[in-house]
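This report concerns only the one structure given below.
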Amino acid sequence: MTSYAAVDLGASSGRVMVGRVGPDSLELSEVHRFPNRPVRVPEGLRWDVLGLYAGVLAGLGAAGPVDSVGIDSWAVDYGLLDADGALLGNPVHYRDSRTDGVAEKVWATLPAEELYAATGLQYAPFNTLYQLTAARGSAQLAQAERLLLIPDLLSYWLTGEQGTELTNASTTQLIDPRTRDWAHGVAERLGIDLGLFAPLRRPGDPAGVLRPEVLEETGLTGPVPVTAVGSHDTASAVAAVPADGERFAYICTGTWSLAGLELDAPVLTEESRAANFTNELGLDGTVRYLRNIMGLWLLQECVRAWGEPDLGALLLEAAEVPALRSVVDAGDAAFLAPGRMPERIAEACRASGQPVPVSPAEVTRCILDSLALAHRKAVEDAQRLAGQQADVVHIVGGGTRNALLCQLTADACGLPVVAGPTEAAALGNVLVQARAHGRVGDLAGMRRLLIRTQPLTRYEPRGGTRPWQAAQARLAGA
Ligand code: ADP
Ligand code: LRH
């Protein structure tokens, strides 16, 4: 039996999990969970990265002896370091408004079509490329000698060593998905200095050992290696999709819903760009061909506005509300910023001439119907655009705890849904470490181990997809 600590930082919470891997066993236990709350300061919305690092240290302290540590987190965001290697300010949150209107300026230099053909990344205002453009001319960027993506920054603090892990680097929009290396031409044309980035490393590469001070603070006994994993949480989560030789689609559900297919090569067509599909890089030469959907963020923000009522009770009530009364476009970037979410959802329903949901149960039902509808559209579009069929939809992540969402997704897609594992990102993180240390086989072997060891729930589609087709048409015509 070997043990691996997986640090998994989602946009809503961070956790340190310990995975114990045997020849035919895989057990995951949570040793520490801590909230991840953005902080609004006068200059904008920021991550409390020191608080997160403190949570990581506390988690490692509670983990007990481990053979290795791996870190994954949400994508695109970064910390800047000065010439002494010290952090320059708090990392900017991807929901900060500094990127408003920036994409249009970028496209004036490098048209959106060319940018997509070179990077395969969907348009999202927060792609690192747009963030760096927004930061141009700032005192902080002028002083920066190094840029580290969030998991790489934490890894640097733990080990003293710097690198840029590839799966997460692919969310910067500065990577060519065909060569799986930097898109030098894109960076040059936009005046982005690729010298800011540390050398690329790949999942499974060694990433240093815990510094003596970290060993002392956590009570661990060295040497403890840190191993690069799929440091983009979605890369780790997709690695842990328990699929066995089937033709599958996946939906990683948490703060976001990331819905699509695993491919062998990127799809860089104009049709794919117009449909806003992204080609992020996964394990072993795979491509995560998916669409970003606003996800349970919509519900998180409503629940916050309603004073944190009990989620389980709310979902039971929502299940009793008539289906598909009103739907909103859950892919719409208009829902990106925090605040006033129940009102914004009501406004979107009113604007499209649909009944306006009023009670928390009605708003919740509207959100879940809308998410299921967006899942359907993404799964359908991905198959068409990539020319690859799916017979089953795997749902992983926090949303697997929402049985109503899983069932509605099965109904909307007209396909069986297999839900689980819930902590997919942490499991993918653990398995990549175990593989790097020779304890599990290839990606297919990792997935077979998950099927044998993790609890999964199957949802069969009910009632035909007609009502969903009608709702989709209603939304498209609105
Ligand atoms: P992230 O990694 O983006 O922070 P998670 O994968 O942890 O997100 O998923 C968080 C979401 O999981 C929450 O927004 C919530 O909607 C859902 N969730 C968590 N616990 C429950 C529960 N007990 N019942 C239903 N849904 C839940
Ligand atoms: C999910 C996620 C997603 C990104 C978003 C910024 O946590 O990594 O894949 O698009 O955060």
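A compact table of results
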{"read-out": "Any hit, the range 462-477, residues being touching a residue at least 40 places away in the same chain (Cβ under 8 Å) and closer than 14 Å to Asp244 by Cα", "value": "no"}
{"read-out": "In the range 61-70, residue nearest to ligand 2 (Cβ to nearest atom) [restricted to those that are outside any loop (DSSP other than H, G, I, E, B) and closer than 14 Å to Asn429 by Cβ]", "value": "Gly70"}
{"read-out": "Residue in the range 289-301 that is under 16 Å from Leu405 (Cα atoms) and more than 10 Å from ligand 1 (Cβ to nearest atom) present", "value": "yes"}
{"read-out": "Residue in the range 1-16 that is assigned to a strand (DSSP E or B), away from ligand 1 (no atom under 12 Å from the Cβ) and in contact with a Phe, Trp or Tyr (Cβ under 8 Å, 6 or more places away or on another chain) present", "value": "no"}
{"read-out": "Given (1) within 16 Å of ligand 1 (Cβ to nearest atom); (2) in contact with a Gly (Cβ under 7 Å, 6 or more places away or on another chain), number of the condition Pro91 does not satisfy", "value": "(1)"}
{"read-out": "Criterion (closer than 23 Å to Leu80 by Cα and not β-branched (Val, Ile, Thr)) met by exactly one of Leu28, Leu60, Leu45", "value": "Leu45"}
{"read-out": "Hits in the range 153-169 (condition: hydrophobic (A, V, I, L, M, F, W, C), touching a Pro at 6+ places or on another chain (Cβ under 9 Å) and within 14 Å of Trp182 (Cβ to Cβ))", "value": "Leu166"}
{"read-out": "Residue that is farthest from the chain's Cα centre (by Cα) [pool: residues in the range 426-478 that are hydroxyl-bearing (Ser, Thr, Tyr) and surrounded by fewer than 19 Cβ atoms within 10 Å (Cβ to Cβ)]", "value": "Thr465"}
{"read-out": "Qualifying positions in the range 71-86 - more than 16 Å from ligand 2 (Cβ to nearest atom) and surrounded by 19 or more Cβ atoms within 10 Å (Cβ to Cβ)", "value": "Leu80, Leu81"}
{"read-out": "Residue among Arg384, Arg365, Arg350 that is more than 20 Å from the chain's Cα centre (by Cα), surrounded by 23 or more Cβ atoms within 10 Å (Cβ to Cβ), among the charged types (D, E, K, R) and at pLDDT 95 or above", "value": "Arg365"}
{"read-out": "Per-region count, the range 35-53, residues under 21 Å from Ser236 (Cβ atoms) and away from ligand 2 (no atom under 16 Å from the Cβ)", "value": "1"}
{"read-out": "Residue in the range 311-331 that is modelled with pLDDT under 95 and touching a strand residue (DSSP E or B) at 6+ places or on another chain (Cβ under 8 Å) present", "value": "yes"}
{"read-out": "Residue satisfying condition, being of a type in the set (Val, Ile, Thr), touching a helix residue (DSSP H, G or I) at 6+ places or on another chain (Cβ under 6 Å) and touching a residue at least 40 places away in the same chain (Cβ under 8 Å), within set Thr286, Thr255, Thr278, Thr269", "value": "Thr255"}
{"read-out": "Restricting the range 400-425 to residues that are within 16 Å of ligand 1 (Cβ to nearest atom) and assigned to a strand (DSSP E or B), the residue that is nearest to the chain's Cα centre (by Cα)", "value": "Ala419"}
{"read-out": "Pair list, Cβ under 6 Å, 6 or more apart: the range 7-26 residue more than 13 Å from Val56 (Cβ to Cβ), other residue of a type in the set (D, E, K, R) and away from ligand 2 (no atom under 16 Å from the Cβ)", "value": "Arg20/Glu27; Val21/Arg439"}
{"read-out": "Among residues of the range 377-417, those that are among the basic types (Lys, Arg) and closer than 20 Å to Leu263 by Cβ, counted", "value": "2"}
{"read-out": "Top-ranked residue of the range 402-425 - restricted to ones that are within 16 Å of ligand 2 (Cβ to nearest atom) and among the hydrophobic types (A, V, I, L, M, F, W, C), ranked as surrounded by the fewest Cβ atoms within 10 Å (Cβ to Cβ)", "value": "Ala424"}
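Yes or no, residue by residue, for (1) touching a residue at least 40 places away in the same chain (Cβ under 8 Å); (2) within 14 Å of ligand 2 (Cβ to nearest atom); (3) more than 18 Å from Thr409 (Cβ to Cβ):
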residue	(1), (2), (3)
Gly219	yes, no, yes
Val224	yes, no, yes
His232	yes, yes, yes
Ala239	yes, yes, yes
Asp244	yes, no, yes
Ala259	yes, yes, no
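Conditions (1) under 12 Å from the mean Cα position of the chain (by Cα); (2) over 23 Å from Leu371 (Cβ atoms); (3) not in a helix (DSSP H, G or I), marked per residue:
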| residue | (1), (2), (3) |
| --- | --- |
| Gly260 | no, no, yes |
| Val267 | no, yes, yes |
| Ser272 | no, no, no |
| Arg288 | yes, no, yes |
| Gly295 | yes, no, yes |
| Gln300 | no, no, no |
| Arg304 | no, no, no |
| Gly312 | no, no, no |
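One line per residue, one yes/no per condition, for (1) assigned to a strand (DSSP E or B); (2) basic (Lys, Arg); (3) surrounded by 24 or more Cβ atoms within 10 Å (Cβ to Cβ); (4) in contact with a strand residue (DSSP E or B) (Cβ under 9 Å, 6 or more places away or on another chain):
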{"residue": "Ala108", "(1), (2), (3), (4)": "no, no, no, no"}
{"residue": "Leu129", "(1), (2), (3), (4)": "no, no, yes, no"}
{"residue": "Asp152", "(1), (2), (3), (4)": "no, no, yes, yes"}
{"residue": "Tyr156", "(1), (2), (3), (4)": "no, no, no, yes"}
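The values are calculated or read from the model by the stated rules, or taken from the named source; none is laboratory data. Since we're looking at a predicted model, the values are computed, not measured. Glycine also receives a Cβ, built like all others from the backbone with ideal geometry; neighbour counts cover every protein chain displayed.
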